[in-house]
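Data block below; observations after.
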Amino acid sequence: MKTYTKTHTSRKAADAHLAKIKARGGIGVLKVDGRKYIIDYYFLPKAGKTIAAKEGKKRYDILDPNGKSIRLPGVPLFETLKASNDYFDQWQLKHMRQGFWSPSKGLIIGRNLKRYCKWITLTVDKNSLPVKPVVLYDILSPDGFTIRMPGDKLFKTKSEGEKYFKQWKKRYERQGYYSSNYGRIPLSSLHEDCSWREVPSDKADSWLGFSGQTF
């Protein structure tokens, strides 16, 4: 499964692109890096290719050096070894761009990742297929950090997040602007300079609330 990355300089353009991706059935994550709006996205196989496996059917997965699956949330087990290898190539490419992969015990050079990963074969039945995680939401400030106060949970819906944002924005009404690392942002455009982040429910406990974190 191929993954894509697109960088925008306009928040509106990034939001419009993300909406088109989702309208086509894709899954995308918007990250903010300074004044750049980066979208990582992919498209799930067509419905005809995601039918639940029959009993006793073999499926394949790849474990990273920490022993966790490299598949993104919503990506099913691979039906063939070729499909798993194609997915791995795209996953490895991302880490080769940054030069390394950081496991729990030090750094691994991107091009050497394959020797530290493990391919596994699973025999699945209708009761053992993985369940797609529920998507939760967070809102990141223009500086790339969550607007939630310590102890506040991720939002179950975007509507819930919008209500929280309005209350958070009121903290800056007295001074009349939001002070970011990139200068003062008028409250009238604060919503546009913040970003949404989708967090799979099974990753909620490990979500630290900043734009640089990946799953």
- Taking H as built 1.01 Å from N, whose amide H comes closer than 5 Å to the amide H of CYS194, not counting residues under 5 places away? none
- Karplus ³J(HN,Hα) for region 135-143 (6.51 cos²θ - 1.76 cosθ + 1.60, θ = phi - 60°; Hz, whole; x = Gly/Pro) runs 8, 10, 10, 9, 10, 9, 5, x, 8
- Query: Calculated FRET efficiency, LYS158 and THR9, Cβ-Cβ r, R0 30 Å, to nearest 0.05?
  - Reply: 0.80
- Item | Inter-site label distance for ARG115 and LEU187 at 7 Å from Cα along Cβ, in nm | 5.8 nm
- Note on the structure: Pseudo-spin-label distance LYS22 to GLU198, built 7 Å along Cα→Cβ, given in nm, is 0.7 nm
- Query: Can you work out ³J(HN,Hα) from phi for every residue in region 185-190, in order, using Karplus 6.51 cos²θ - 1.76 cosθ + 1.60 and θ = phi - 60°, giving whole Hz and x for Gly and Pro?
  - Reply: 10, x, 4, 5, 10, 5
- Message: Could you give the length gained by full extension between ARG174 and ASP205, i.e. 0.36 nm per residue of separation minus their alpha carbon distance, to one decimal place?
- Response: 7.7 nm
- Task: Note down the net charge around TYR182, summing +1 for each Lys or Arg and -1 for each Asp or Glu among other residues with Cβ under 10 Å from its Cβ.
- Result: 0
- Note on the structure: GluC sites (Glu not before Pro) in region 137-194 lying in a DSSP loop, each with at most 12 other Cβ atoms within 10 Å of its Cβ, come to GLU173
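Every read-out reported here was derived from the displayed coordinates using simple, explicitly stated rules and does not represent laboratory data. Computed from a predicted structure; not experimentally measured. Methodologically, a virtual Cβ is constructed for each residue, glycine included, from the backbone with ideal geometry; neighbour enumeration extends over all protein chains shown.
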